[in-house]
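Chemist: Below are the structure tokens for one structure; questions will follow.
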Amino acid sequence: MSFHLTPAAEGLRTQLFHIIFESDTPAAKGFDIALIAMILGSVAVILLGSVQGISQEYGWLFYYLEWAFTVLFTLELAVRIYCLERPSLYLKSFYGVVDMIAILPAWLVLLVPGFHALVIIRILRVLRIFRILRLMEFVGEGRLLIDALKRSVHQVMLFFFSILMVVTMFGALMYTIESPETGFTSIPMSIYWAVVSVTTVGYGDIVPGTPVGKAITMILMLIGYSIIAVPTGIFSAQVIRSIREDRYSEEACPGCGHERHEKRARYCLRCGTWLDETTEDPRKAKQAASSDKPD
């Protein structure tokens, strides 16, 4: 989280805080594991309840299980709010918003029919598993991917609009060539066919019937194979650039001027000069200490 949560007071609230919001004790890990198990169980109930055959036979069981999960999640959120000094900070955070969304649809179903299917959004709370597995240690690597996405967004958007123009033109062309009986009933439907063809997916629900249409389809598929790797190459190049910038420093060696040393490097790889100009070279200090010693 980008903010610091603190317990409301010493005593029970502090103990609950360490159990709920931390994962460095057996009790805290047990709480997280139990919470994730409940989340997965509740999502399984929603998924199985959507299957008509299973729902007809076990619908009554799913109904009671879902309300049991809803009550448990509501109590859990209430305890979270109870043990915090400033609950508003948590409720405004990502996990706080997800916690509220996870239980609100179940209560709203009492007032507004149709909200029941939204309960599946609580699967987002499985993100808490990152705290147990200590995957947040890989935040640095995640940041590299985010930086690469930010840097490549303009190139990717340019590529996206170029493809959009291609599929629009080919879709309009196929609409004029093919008959509605083959599935090209409108330009948007023809654009859908062009997108499916250029991505080489080929559902087969719309197939050209004329020789000219088939030839255009072949051209469009070849175009798709030719350009499908473009966004991957753009993103990969930016990832490599981010890795290099994260690993290497642009500061030049004060001795020889060589650049691109690793950020953790202390001496130049080319000439051996001490790189940190703000501190003294420890080798000189050792030489001075050895020269001061009496013979």
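The values are calculated or read from the model by the stated rules, or taken from the named source; none is laboratory data. Quick caveat: nothing in here was measured; it's all calculated off a predicted structure. No Cβ is skipped: glycine too gets one built from the backbone with ideal geometry, and neighbour counts run over all protein chains shown.
Table: residues versus (1) at pLDDT 90 or above; (2) outside any loop (DSSP other than H, G, I, E, B); (3) outside the structural domain of THR273 (by TED's automatic domain parsing).
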| site | (1), (2), (3) |
| --- | --- |
| PHE161 | no, yes, yes |
| ALA172 | yes, yes, yes |
| ALA194 | yes, yes, yes |
| ILE206 | no, no, yes |
| SER236 | no, yes, yes |
| ILE243 | no, yes, yes |
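Chemist: Taking segment 61-87 only, how many residues are surrounded by 15 or more Cβ atoms within 10 Å (Cβ to Cβ) and among the acidic types (Asp, Glu)?
Modeler: Summing the residues that are surrounded by 15 or more Cβ atoms within 10 Å (Cβ to Cβ) and among the acidic types (Asp, Glu) in segment 61-87 gives 2.
Chemist: Give segment 207-237 a look and list any residue that's among the aliphatic types (A, V, I, L, M) and over 14 Å from ILE177 (Cα atoms), or say none.
Modeler: Going residue by residue through segment 207-237, those that are among the aliphatic types (A, V, I, L, M) are 207, 212, 215-216, 218-223, 227-230, 234, 237.
The answer is MET218, ILE219, LEU220, MET221, LEU222, ILE223, ILE227, ILE228, ALA229, VAL230, ILE234, ALA237.
Chemist: So in segment 61-87, with the set limited to residues that are free of Cβ contacts under 8 Å to residues at least 40 places away in the same chain and touching a Leu at 6+ places or on another chain (Cβ under 8 Å), which one is farthest from LEU35 (Cα to Cα)?
Modeler: PHE62
Chemist: Let me ask something else. When residues of segment 31-48 are filtered for being without any contact (Cβ under 8 Å) to a residue 60 or more places away in the chain and over 12 Å from PHE69 (Cβ atoms), how many remain?
Modeler: Residues of segment 31-48 without any contact (Cβ under 8 Å) to a residue 60 or more places away in the chain: 31, 34, 37-38, 41, 44-45, 48.
Filter again for over 12 Å from PHE69 (Cβ atoms), leaving 31, 34, 48.
Of the residues in that region, 3 qualify.
Chemist: Can you tell me which residue is farthest from the chain's Cα centre (by Cα) among those in segment 163-185 that are hydroxyl-bearing (Ser, Thr, Tyr) and surrounded by 12 or more Cβ atoms within 10 Å (Cβ to Cβ)?
Modeler: Initially, segment 163-185 is screened for residues hydroxyl-bearing (Ser, Thr, Tyr), giving 168, 175-176, 179, 182, 185.
From what's left, surrounded by 12 or more Cβ atoms within 10 Å (Cβ to Cβ): 168, 175, 179, 182, 185.
Numbers: THR168: 31, TYR175: 38, SER179: 43, THR182: 40, THR185: 38 Å.
Across segment 163-185, the extreme among qualifying residues is SER179.
Chemist: Moving to a separate point now. What residue, of TYR95, TYR58, TYR90, is surrounded by 14 or more Cβ atoms within 10 Å (Cβ to Cβ), without any contact (Cβ under 8 Å) to a residue 12 or more places away in the chain and of a type in the set (Phe, Trp, Tyr)?
Modeler: Numbers: TYR95 fails: without any contact (Cβ under 8 Å) to a residue 12 or more places away in the chain; TYR90 fails: without any contact (Cβ under 8 Å) to a residue 12 or more places away in the chain.
Exactly one of TYR95, TYR58, TYR90 is surrounded by 14 or more Cβ atoms within 10 Å (Cβ to Cβ), without any contact (Cβ under 8 Å) to a residue 12 or more places away in the chain and of a type in the set (Phe, Trp, Tyr), namely TYR58.
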